[in-house]
Structures are given as structure tokens and as C-alpha cells.
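> This is the structure I want to talk about, given as C-alpha cells.
Any read-out appearing in this document is the output of simple, stated calculations on the displayed coordinates, not a laboratory observation. Bear in mind that the values here come from a model prediction, so they are computed numbers and not experimental data. Every residue, glycine among them, receives a Cβ derived from its backbone with ideal geometry; neighbour counts consider all protein chains shown.
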Amino acid sequence: MTNWRDYGAADLPAPLAAALDAFVEHGYHGTSVRDIAARAGLSVPGLYHHYPSKQSLLQGLLELTMTDLLRRSEEALTEAGDDPVDRFDAVVESLLRFHMYRREQAFVGSTEIRSLDPGYHPIYIGHRIRMQRLVDDVVVAGVGEGSFTTGSPKGAARAVATMCVGVSTWYRVDGPMSADELIKQNLEFARAIVGFRSR
């Protein structure tokens, strides 16, 4: 199993990698199954053998995306130990790294919620709520322990998560700051949001 900080190329099955490219370029509703099949080097019947519909491709992509994000974040928290500030820094770093290195998947996850079938929509929202609760819990713990001074822990936690998710809309690998520099800077912003009290 890879370390939660390690990111290579996204290891997606060819149909999902093709669907991701097409959804980023044209949006879910602007993408045809024929286009996805062509990008994956498959016939349409060959694609349907793996994924029976365009919706199943979107759901499969989002399920893998959220599973990866949650796994990395939970591993980061486990590695951080019991200290609330260390746990806060770890979950924020995990969110930032994911939305830097998996920004296309994050983009589709954010923009295509409206395209999900009613049967899967609550499952996907459940994954997102679970991720938000990881952030909520560390902020609440930090306030309880006296490390954070915010009077609205859950509101601050949501603001922190929103900031981290937003990185996917502007981060570029070839930008003026390295990933580590951006993480350090954004950790400072995140600590300011929760009212970090220096020890």
C-alpha cells in the first residue's frame, strides 16, 4: 500500500481514465459513450461489457475517487497520533495533496453531483459527509483541548475543507510555488481559520 503522501499517475482502469478525460473536457452530459469507448480503445459493446452505462462510469469514477481520498486521510490521521494540532495538520495536508494531485477527479466530483442518478446520489454525499466529519472532529478536539480558539468549530472546519477543495481549481504543477511550499502556506491559512493558539 502506498504512503498517503505518495502520488504517481492515477491508477484508473482504461474505461474510467477515458471517462475522466471526456468529462473534464466536455462535461457528463456533453460526453457520449462512443467518445469514451474510442478514448479507451474499445468498441461500444466492449465498453458496455465493463460498464453497462455512462452513469456507471461516472459512479465508478467517483467511488474510486472518494475511496482514495478517505483512505489517505484516515492514514494521515493514524500516523499523526493523538495530538489535535498534529491531527489537524495531517488531515489538512491530506486534503491539499489530494486536490493538487487528483485535481481532475476532484473537479468531476464537484461539478457532476447534479448528474448522479437518485440511487447513487445519497451514497456519494455520504462519502463527502464522512470526509467533512474527519475535519470536524479534529477541529472540535482542538477547541476542547485549548489549541484552537474558534467559537464555531464546525463552521471553521467547513471553511478549511472548502479552502482545500478549492485548490483543485487553480493549482498547477508548473506554478511559481512547489507543492510543499503551497501546503506550508495553506496550513498557515487553515490554522488561522480555526484560531490556532501557539504553545
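> Starting from 0.36 nm per residue, how many nanometres of slack lie between Ala10 and His121 once their C-alpha separation is accounted for?
Numbers: separation 111, 0.36 × 111 = 39.96 nm, distance 2.36 nm.
In short, 37.6 nm is gained.
> Sticking with this structure for a sec: Build a GNM of the chain with springs between Cα atoms under 10 Å: which of Asp136, Asp82, Asp174 gets the top mean-square fluctuation?
Answer for the Gaussian network model of the chain: Asp174.
> Now for a different question. For the pair Arg130 and Ser53, what calculated FRET efficiency results from E = 1/(1 + (r/R0)^6), where r is the Cβ-Cβ distance and R0 = 25 Å, to the nearest 0.05? Before the final figure, lay out each step's value.
Numbers: r = 26 Å, r/R0 = 1.04.
The computed FRET efficiency comes out at 0.45.
> Select from Val92, Val165, Val24 the residue whose mean-square fluctuation is largest in a Gaussian network model of the chain (Cα-Cα springs shorter than 10 Å).
Highest fluctuation among the options: Val24.
> Find how much the distance from Ser43 to Asp83 grows on full extension, using 0.36 nm per residue of separation minus their present alpha carbon separation; answer in nm with one decimal. Spell out each step's value before the answer.
Details: separation 40, 0.36 × 40 = 14.40 nm, distance 5.29 nm.
This chain segment gains 9.1 nm when fully extended.
> If you average the alpha carbon positions of the stretch 102-128 and of the stretch 50-87, how far apart do those two centres end up, in angstrom?
12 Å
> Also, quick follow-up: Averaged across orientations, what area in nm² does the convex hull of the alpha carbons in the chain project?
Spelled out: convex hull of the Cα atoms, projected over all directions, averaged, 12.0 nm².
> Relative to the longest principal axis of the C-alpha atoms of the chain, give the angle of the C-alpha long axis of helix 14-26, reported between 0 and 90° and rounded to the nearest 10°.
Its long axis makes an angle of about 80 degrees.
> Report the residues of the stretch 111-152 in range of a label on Ser198: point 7 Å along Cα→C-beta, backbone N strictly under 16 Å from it.
Output list for this probe position: 147-149.
> Which angle between 0 and 90 degrees, to the nearest 10, do you get for helix 84-101 versus the longest principal axis of the chain when only C-alpha atoms count?
30 degrees
> Considering Cα pairs under 8 angstrom that are at least six residues apart, work out the relative contact order of the chain and quote it in whole percent. Spell out each step's value before the answer.
Working: 197 pairs, mean separation 44.4, N = 199.
It rounds to 22 percent for the chain.
> For the pair Glu63/Asn3, report the inter-label distance in nm, with labels modelled 7 Å from Cα in the Cβ direction.
Taking the two extended label points, one gets 3.1 nm.
> Net charge near Phe189, counting Lys/Arg +1 and Asp/Glu -1 over other residues with Cβ under 14 Å of its Cβ? Write down the numbers at each step before the final one.
Working: positive: Lys184, Arg191; negative: Asp89, Glu93, Glu181, Glu188.
So the environment of Phe189 carries a net charge of -2.
> Related question: Per residue, what volume in Å³ does the Cα convex hull of the stretch 107-153 take up? Before the final figure, lay out each step's value.
Values: hull volume 4.2 nm³, N = 47.
Dividing the Cα hull volume of the stretch 107-153 by its residues yields 89 Å³.
> Considering the chain as a Gaussian network with a 10 Å cut-off on Cα pairs, which listed residue, Gly144, Gly30, Gly81, attains the greatest mean-square fluctuation?
Greatest mean-square fluctuation among the candidates belongs to Gly30.
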